[in-house]
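Take a look at the structure below.
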Amino acid sequence: MPNRFEMRKLFGFALAILMFSSCNGIFSGIYDKPVEAADPFGFVEANADGTGTIFIDAREYKHWVYINLKGKKTETHDMTEGLPEPEHWDFAVHRYDVKTNDAKAAVTNYTELSQVLNQGIPESAVFVADTASQVAVDMSGMMEGNIVYQSSPINKVLSKWINVDTSTMPPIYTMSRRVYLLRLADGTQAALLFSDFIDDAGVKGFITIKYVYPLK
């Protein structure tokens, strides 16, 4: 059997291992590669009934995140690099702006996707096409009043899913929490509900979109 001195050494060694393992979660990523984000991006849920959830990173003002409902894919393009639009996409998000691929959008009074599934598309729905606009691509000079804009079509209906009031600092973000209808160029339809614009850590620009496609 080990003597008292050896027992103390064994106890100290075991205590050191225990302390290291308990601290590893705290300090992991400081000296080695950082821990990857737990949240997946893209189509994080796609059900057989056509409902699902999309989670995108729209923090960068120079990015468009293109969303393909048919193929259940997302693709991020840097606007400053002059990249062409993807071959297949249905709508895209730039920070809080939204544009479509030759589609039209309408707003409803519904606040849940189940309402449009149960009650159908309201007869009063007015579908609106995109219009020419300007979107900010560089906010680094905002404090000096120097914001860089780029021309882009925007769907003014879909882009009202959130209102950013910059008359006060910090800005006030107010979500409409309405269900939006999207009538695609091929005649198929979708329902969209922008349900969040922050992640679990409270970082703005992470957008959650719940959808139904195809909407019958």
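Considering only segment 182-197, I want to know if a residue exists there that is assigned to a loop (DSSP other than H, G, I, E, B), among the aliphatic types (A, V, I, L, M) and either modelled with pLDDT of 95 or more or in the same structural domain as residue 57 (by TED's automatic domain parsing) (or both). If you could, list the steps in order and put the result at the bottom.
The initial filter retains those residues of segment 182-197 that are assigned to a loop (DSSP other than H, G, I, E, B), namely 184-188.
Filter once more, keeping what is among the aliphatic types (A, V, I, L, M): 184-185.
After this cut, where a residue has to be either modelled with pLDDT of 95 or more or in the same structural domain as residue 57 (by TED's automatic domain parsing) (or both) as well, the list is 184-185.
Checking segment 182-197: at least one residue is assigned to a loop (DSSP other than H, G, I, E, B), among the aliphatic types (A, V, I, L, M) and either modelled with pLDDT of 95 or more or in the same structural domain as residue 57 (by TED's automatic domain parsing) (or both).
All conditions but one from (1) more than 16 Å from the chain's Cα centre (by Cα); (2) exposed (fewer than 14 other Cβ atoms within 10 Å of the Cβ); (3) of a type outside the set (Phe, Trp, Tyr) apply to residue 137; the one that does not is (2). Residue pairs whose Cβ atoms lie under 7 Å apart, separated by 6 or more positions or on different chains, with the first residue in segment 158-175 and assigned by TED's automatic domain parsing to the domain that holds residue 198 and on the phi < 0 side of the Ramachandran plot and the second surrounded by 13 or more Cβ atoms within 10 Å (Cβ to Cβ) and charged (D, E, K, R), are 159/97. Remark: residue 206 matches the filter, which requires a residue to be hydrophobic (A, V, I, L, M, F, W, C), surrounded by 18 or more Cβ atoms within 10 Å (Cβ to Cβ), out of contact with any helix residue (DSSP H, G or I) (no Cβ under 6 Å at 6 or more places or on another chain) and closer than 14 Å to residue 53 by Cβ.
Of the residues making up segment 79-98, those that are out of contact with any helix residue (DSSP H, G or I) (no Cβ under 8 Å at 6 or more places or on another chain) and among the charged types (D, E, K, R) are 81, 85, 87, 90, 95. Scanning segment 162-171 for residues that are part of a strand (DSSP E or B) and either over 14 Å from residue 198 (Cβ atoms) or of a type in the set (Lys, Arg) (or both) yields 163, 165. Screening residue 159 against (1) of a type outside the set (Phe, Trp, Tyr); (2) in contact with a strand residue (DSSP E or B) (Cβ under 6 Å, 6 or more places away or on another chain); (3) assigned to a strand (DSSP E or B) leaves a single unmet condition, (3).
Screening segment 42-153 for strands (runs of 3 or more DSSP E) wholly inside it with 3 or more residues that are under 25 Å from residue 204 (Cα atoms) returns the ranges 42-46, 51-57, 63-68, 73-78, 91-94, 97-100, 131-141. The set of residues in segment 150-178 that are under 14 Å from residue 108 (Cα atoms), surrounded by 19 or more Cβ atoms within 10 Å (Cβ to Cβ) and over 16 Å from the mean Cα position of the chain (by Cα) contains only 157. Just one residue in the set 105, 129, 58 is in contact with a Lys or Arg (Cβ under 9 Å, 6 or more places away or on another chain), surrounded by fewer than 16 Cβ atoms within 10 Å (Cβ to Cβ), closer than 30 Å to residue 148 by Cα and assigned by TED's automatic domain parsing to the domain that holds residue 188; that residue is 129.
The values are calculated or read from the model by the stated rules, or taken from the named source; none is laboratory data. Just so it is clear, the model here is predicted, and its values are computed rather than measured. A quick note on method: Cβ atoms are made from the backbone with ideal geometry, for glycine too, and the neighbour counts reach across all protein chains shown.
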